[in-house]
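Take a look at the structure set out below.
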Amino acid sequence: MLLSGVVPSHTTLLPTSSHSRAAPLRHRHDPVGRAITVPLLRRSAMTIQARDAAPVLDTEPQPLKLLDRRTKLKIAVIGFGNFGQFLARTFAAQGHEILAYSRTDYSDAARSLGAAFFDNQHDLCEQHPDVVLLSTSILSAEAVLRSLPIQRLRRSTLFVDVLSVKEFPRNLFLQLLPPDFDILCTHPMFGPESGKHGWAGLPFVYDKVRIGDSDDRVERCRAFLEIFEREGCRMVEMSCAEHDETAAEIQFLTHTIGRVLAKLDLKSTPINTKGYETLLTLVQNTCSDSYELYNGLFIYNKNSTELIEKLDGALDTMKKELFERLHGIFRKQLFEGSARRSIDAGK
C-alpha cells in the first residue's frame, strides 16, 4: 500500500502538458531515505505512470504548437466565400479554431480546412466565438449584420471587418452593435490572387475603433493582429477616414482604369511592349474581381465620386490638348504651304 505523499521508486511523474517539460527540478527524499527527483510545476496537473508503461505522446495537432494557448482564438467567419476561405486557411494553419457561416453551402470547403460550418446563425453565435469576422460583400454587409442574433454572443465579443471601404463598416458597427462590443476595422490590401504566394510585405491596414481597457480584451485584439504580423504583412495603423481617402486613389482608380480598358476589348499581339503587357495584366486582375466589389467601392466611399469626376475632367483636358496641337499643325501646314506656293508662283 502506498503512503500518502510518497512516490514509489518504480514510478515517474510526467507533466500532462508539453509546455511544462522544461520546469525546474526539485530533489526530495522518501521516508526510507531514497532520493527522488520531482519536477517543480506551477498549477499544472500531473499523471503517474509506471516506467515500463508506453510513453506519453504529444497528440496535439502540429499547428497548435505555433501558439501559446492563451492566444488561440475562436474566429467566426461570416461570409465564407472566396475571400473568407482565403483568410480562414491561414487562420487554421496558425492553430486558431474556425467557425464558418454562409448562405451558400460551403461545408465541404470548411471541412477541408478543419473548420466547423454552420447554416444557422443562432447555432454559430451560441458557440461564443472570441472574434466575429465580417467577410461579406460591401453591398450585403448591413443586411448580414442586422440579421445576426448578437444577443446570443458574449457582451465583449470582438467584431472585425475586412471590407475594402472603412468608414461605412465603422459607422455600421457603431450604430448596430452594443457599446460593450469591441470593434476593429481592417483591410488586407491583397486577395487570393495577389496573396497566393504569401503575405510577406503586403500592407494590412487597421483601425482600433473601440477596444476595451481590460487585459484580456487588449490581448485578444493583439492576438488577432498578430496573425497578419506572423505572415510578414506590413502593418499600417490608419484611421478609417484616411484609409478611404487614400484607397479611392489606390484601389478605385486602379479598378476604374482596368474596367475602362476592358471596354476596349484589348488583345495580345505579336509585338506587345512591356507597357502594353502591363495594361493587359491590369485588365485581367481588376476584372477578375466581381462588379459588385467595384460598385461597392464607388457607392460606399464618398471620395470615389470626386475622383471619377477628376478622371473625367483629366480625360477632357487631354483631348483638348491633343486636338489643339493637331489644329495647330494643320494651320501651320495650311498657311506655310500657301505662302510657299505664292513665292514659287512669283519667281
Alpha carbon centre of segment 267-335 versus segment 210-225: separation in Å?
44
Kindly write out, for segment 138-145 in residue order, the coupling ³J(HN,Hα) from the Karplus curve 6.51 cos²θ - 1.76 cosθ + 1.60 (θ = phi - 60°), rounded to whole Hz, with x marking Gly and Pro.
4, 5, 9, 4, 5, 4, 5, 5
Karplus couplings for segment 246-260 from phi (6.51 cos²θ - 1.76 cosθ + 1.60, θ = phi - 60°), rounded to Hz, Gly and Pro as x?
6, 5, 4, 7, 6, 9, 5, 4, 4, 5, 5, 4, x, 6, 5
Size of charge dipole - segment 89-212 - debye, nearest 20, with Cβ of Lys, Arg +1 and Asp, Glu -1, no other charges:
200
Return the whole-Å distance between the Cα centroid of segment 82-98 and the Cα centroid of segment 190-208.
13
Taking amide hydrogens as modeled 1.01 Å from N in the peptide plane, which residues meet the under 5 Å criterion relative to A100, leaving out close sequence neighbours?
V77, A116, F117, F118
What list of ³J(HN,Hα) values in whole Hz, one per residue of segment 274-289 in order, does the Karplus curve 6.51 cos²θ - 1.76 cosθ + 1.60 (θ = phi - 60°) give from phi, with Gly and Pro shown as x?
4, x, 5, 4, 4, 5, 4, 5, 4, 4, 5, 5, 6, 7, 6, 7
Taking a cut-off of 18 Å between Cα atoms, list the lysines near K208, but don't count ones fewer than 8 places away on the same chain.
K166
Checked segment 99-166 against the a/c 1.5 cut and the a/b vs b/c comparison, axes a ≥ b ≥ c from its Cα gyration tensor; verdict oblate
Sorted by mean Cβ packing within 10 Å, highest first, what order do the peptides 82-88, 276-282 take?
82-88, 276-282
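Since every read-out is calculated from the coordinates, none of them should be taken as a lab result. Just so you know, these numbers come straight off a predicted model, no measurement behind them. All Cβ positions, glycine included, derive from the backbone under ideal geometry; neighbour counts span all protein chains shown.
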